[in-house]
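To start, the structure under review is shown below, and the notes come after it.
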Amino acid sequence: MIGSKFFYLTLFAVVCVSLCDGQIVGGHTELQGDDLQKAIENLDAVLAKLSTGDGPSYKAIKVIKVTTQVVAGSLETYTVELDKSGASKQCTVKVWTQPWLKENGTNVTVECEGDEKVDSTW
């Protein structure tokens, strides 16, 4: 009796794992296709907003990789080449959004080789 319960429980676990789309809750998922295109459009909008006011002016030249993670909101991590005043650098841009917050629902960090970290929230 116990052996058959264990068998069915194991079978159920194997079926559940085989049916999942490969995303682990809280884990990093690399974006592709339409999701990647939407993320690139979001990056362009974020960089444009960052450049208003006192923020630095960056332009994405080449997106190398984008991952997303669900962590009290959504964290998108971009490995990207950015242009800043004619100089191209490989950078990591992180955009953490918490859309339910009316204020300070988006945090952006930009880390480039040889530059100080930029951290902005709006």
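The values are calculated or read from the model by the stated rules, or taken from the named source; none is laboratory data. As the structure is a prediction and not an experimental result, all values here were calculated from the model. Side chains included, ligands, DNA and RNA excluded: accessible areas come from the protein's heavy atoms. Shrake-Rupley method; radii C 1.70, N 1.55, O 1.52, S 1.80 Å.
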_Give me a comma-separated list of calculated 3J(HN,Hα) values for the range 29-35, in order, Karplus coefficients 6.51, -1.76, 1.60 applied at θ = phi - 60°, integers in Hz, x for any Gly or Pro._
10, 7, 7, 9, x, 4, 4
*Using a cut-off of 22 Å between alpha-carbon atoms, which lysines can reach LYS49, once sequence neighbours fewer than 8 places away in the same chain are excluded?*
LYS38, LYS59, LYS62, LYS65, LYS84, LYS89, LYS94, LYS102, LYS117
*Accessible surface of GLU113 in the full protein assembly, 1.4 angstrom probe, to the nearest 10 Å²?*
120 Å²
